[in-house]
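Chemist: Below you'll find the structure I mean.
The values are calculated or read from the model by the stated rules, or taken from the named source; none is laboratory data. Keep in mind that what you see is a predicted model, and the values were worked out from it rather than measured. Neighbour counts run over all protein chains shown; Cβ positions are idealised from the backbone, glycine included. For the accessible areas, the whole protein counts, side chains as well, though only heavy atoms, and no ligand, DNA or RNA atoms are used. Shrake-Rupley method; radii C 1.70, N 1.55, O 1.52, S 1.80 Å.
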Amino acid sequence: MKASPKPKISVIMSVFNGMPYLKEAVNSILKQTYTNFEFIIVNDASKDNSLKFLKNIKDKRIKIINNPKNLGLAASLNIALRQVQGDFIARMDADDISMPNRLKLQMEFLITNPKIDICGTWAKLIDENGRT
């Protein structure tokens, strides 16, 4: 069996009671035009259906870490950081939606500009109905 290539990008996300926004957030990463990434998601002891939703996703790029008790965002992201394999790290929140070419554009920018260590993006704020 052929070994999987090392992911170029590690996307890290922590979620605490992320439903109903979690599905769209996760799907926006899984549908990226750039596909050589791993997606490390830390469930921070959610009490809603976040963990159930995550466990039902069938995508080999996803790694789920389940905190037995709520540790908070920073501690959960540090847990995810200890698992990364990629050359680049992308941050995602459980209520964010990434445009389909986000990872590709950010990675290309960082490769083209080796003196830059971090980059972000413009954002549109939307309400719970997806209206800008």
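Chemist: Taking a threshold of 25 Å on the Cα-Cα distance, which of the pairs Lys23/Lys115; Lys23/Lys69; Lys52/Lys104; Lys23/Lys124; Lys8/Lys63 fall above it?
Modeler: Lys23/Lys115; Lys52/Lys104
Chemist: Is the shape of the stretch 20-71 rounded, prolate or oblate, going by the alpha carbon gyration tensor and its root eigenvalues a ≥ b ≥ c, with a/c under 1.5 for rounded and a/b larger than b/c for prolate?
Modeler: It comes out prolate by the Cα gyration axes.
Chemist: Rounded if a/c is under 1.5, else prolate if a/b beats b/c, else oblate: with a ≥ b ≥ c from the C-alpha gyration tensor eigenvalues square-rooted, which is the stretch 75-132?
Modeler: Verdict is oblate for the stretch 75-132.
Chemist: At a threshold of 8 angstrom on Cα-Cα distance, excluding pairs fewer than six apart, so keeping six or more, what relative contact order does the chain reach in percent?
Modeler: 34
Chemist: With a 1.4 Å probe and every protein chain left in place, work out the accessible area per residue of the stretch 46-132 in Å², rounded to a whole number.
Modeler: Per-residue accessible area for the stretch 46-132 comes out at 76 Å².
Chemist: Hey, another quick one. Sorted by average packing, counted as other Cβ atoms within 10 angstrom per residue and highest first, what order do 42-51, 69-78 take?
Modeler: Descending packing order for the listed peptides: 42-51, 69-78.
Chemist: Let me ask something additional. Can you pull out the trypsin sites (Lys or Arg not before Pro) in the stretch 79-132 whose DSSP state is coil and whose Cβ has at most 12 other Cβ atoms within 10 Å?
Modeler: Within the stretch 79-132, the qualifying trypsin sites (Lys or Arg not before Pro) (loop, at most 12 other Cβ atoms within 10 Å) are Arg82, Lys115, Lys124, Arg131.
Chemist: Over the alpha-carbon set of the chain, divide Rg by the Kirkwood Rh and report the Rg/Rh ratio to two decimals.
Modeler: 0.96
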